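First the structure, in the form of structure tokens, and then the observations on it.
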Amino acid sequence: RHRLGLATSTDGISWCKVEGLGPDPGGPVFEGAAADADAWDNGNVGTPWLVRLPGGGWRLWIGSL
């Protein structure tokens, strides 16, 4: 299964992984559905595209592989 993780930085040089799903620090924050599930992401996600919204927020678009 493909997964997406998240890291943050205050200077664009040093990065810290953000706690994700599961017990491991820096684990995924989003993962595709189980491979046998009848879902749009069917076990795989990818091609993340982060978009800044006019109000200052963010939206993450992902594709299914």
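The values are calculated or read from the model by the stated rules, or taken from the named source; none is laboratory data. Since we're looking at a predicted model, the values are computed, not measured.
The set of residues in region 21-40 being under 11 Å from the mean Cα position of the chain (by Cα), in a loop (DSSP other than H, G, I, E, B) and at pLDDT 70 or above consists of GLY27, PRO28, VAL29, GLY32. Every condition in (1) in a loop (DSSP other than H, G, I, E, B); (2) modelled with pLDDT of 75 or more is met by ILE62 except one, and the failing one is (1). Output yes when any residue across region 41-55 is over 15 Å from the mean Cα position of the chain (by Cα) and at pLDDT below 85, and no when none is. The answer is yes; a qualifying residue exists. Given the condition modelled with pLDDT of 75 or more, in a loop (DSSP other than H, G, I, E, B) and of a type in the set (D, E, K, R), answer yes or no: does some residue in region 2-15 qualify? Checked region 2-15: at least one residue is modelled with pLDDT of 75 or more, in a loop (DSSP other than H, G, I, E, B) and of a type in the set (D, E, K, R).
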